[in-house]
1. So what's the back-of-envelope 222 nm ellipticity for the chain, counting only DSSP H runs of four-plus at -39500 (n - 2.57) apiece and dividing by all residues, rounded to 500?
2. How high is the FRET efficiency between residue 14 and residue 42 when r is their beta carbon distance and R₀ equals 41 Å, given to the nearest 0.05?
3. Measure nothing fancy, just the Cα-based angle from helix 26-37's long axis to the longest principal axis of the chain, in degrees from 0 to 90, nearest 10.
4. Find which of 96, 244, 8 sits farthest along the positive direction of the dipole of the chain, computed with +1 on the beta-carbon of Lys and Arg, -1 on that of Asp and Glu, about the Cα centre.
5. Where does each of 61, 43, 102 land when they are ranked from fewest to most other beta-carbon atoms within 10 angstrom?
6. Please label the shape of the chain as rounded, prolate or oblate, based on the square roots a ≥ b ≥ c of the eigenvalues of the alpha-carbon gyration tensor (a/c under 1.5 means rounded; beyond that, a/b larger than b/c means prolate, else oblate).
7. Compute, for the chain, the length of the dipole vector about the Cα centre, with Cβ point charges of +1 (Lys, Arg) and -1 (Asp, Glu) only. Units Debye, rounded to 20.
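Every number in this text was worked out from the coordinates using simple rules, so none of it is lab data. Small disclaimer: the values here were computed from a predicted structure and weren't measured. Backbone-built Cβ (ideal geometry, glycine too); neighbour counts: all protein chains shown.
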Amino acid sequence: MKIIVSPAKKMKVDDVLPWQDLPPFLEKTGRLLETLRAMPYDRLKALWKCNDSIAEENLRRLETMDLRRNLTPAILSYEGIQYRYMAPDVFTDREFDYLQQRLRILSGFYGLLRPFDGVRPYRLEMQAKLSVDGAKDLYEFWGADLAAALADGTDWVLDLASKEYSAAVEKHLPASVPLVRCVFGEEQEGKVVEKGTLCKMARGEMVRFMAETGAARPEDLQAFDRLGYRFSPRHSVENTLVFLRGE
């Protein structure tokens, strides 16, 4: 089993724990770095869809970025809502070992990351309109590489990523490796409605729940009961596990 999650825009440098390995697609990351460095400021700002302050910060990052030095473990580098609720700073060694084997972070810049792969702060979303090496965008640039790495040696994949990121692997996974989704929502007028921030919180809590319990099968996830969510057999279907608040 593998678990996929999205990265976060906000990143930090953290030397509390050492990184273990370089990311597996570092050569392709290097090509992205070369392409970004060659772009003028106005195009970078448009690509990043941000204000001047954030654009200038990330321009400085590009200018000084060394992909092999001063690295932070990926799982400690991201600061988004999902990671705050995952709370990696307080994982035990056993829980870190569980995640190192199973958790994979999808990234527009790095491709696919294990928790202790060393990274530098960057800004590049998977859906960014960036043409590289003849590929029209990052989905085409990464192609089937990420799905192939994800499917190697596993029998199913748990999708805790946003649609933007899961789209990078979904259509490339072999039929023998099903993608199982978790839906975190509320029932409103007979429909299951997902709310962005609550979904991110629940995805982080689900990762923590799995690491703490050693979950290995889809049915193991049905015991998840955090943030007011409960598994709903009535709303769930094959390869889609639905958790509702207030039920």
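1. Result for the chain, helices only: -10000 deg cm²/dmol.
2. 0.80
3. Helix 26-37 sits roughly 60 degrees off the main axis of the chain.
4. Of the candidates, 8 comes out farthest on the positive side.
5. Numbers: 61 15, 43 12, 102 21.
Neighbour counts put them in this order, fewest first: 43, 61, 102.
6. It is prolate, given that a/c is not under 1.5 and a/b is the larger ratio.
7. Value, rounded to 20: 460 debye.
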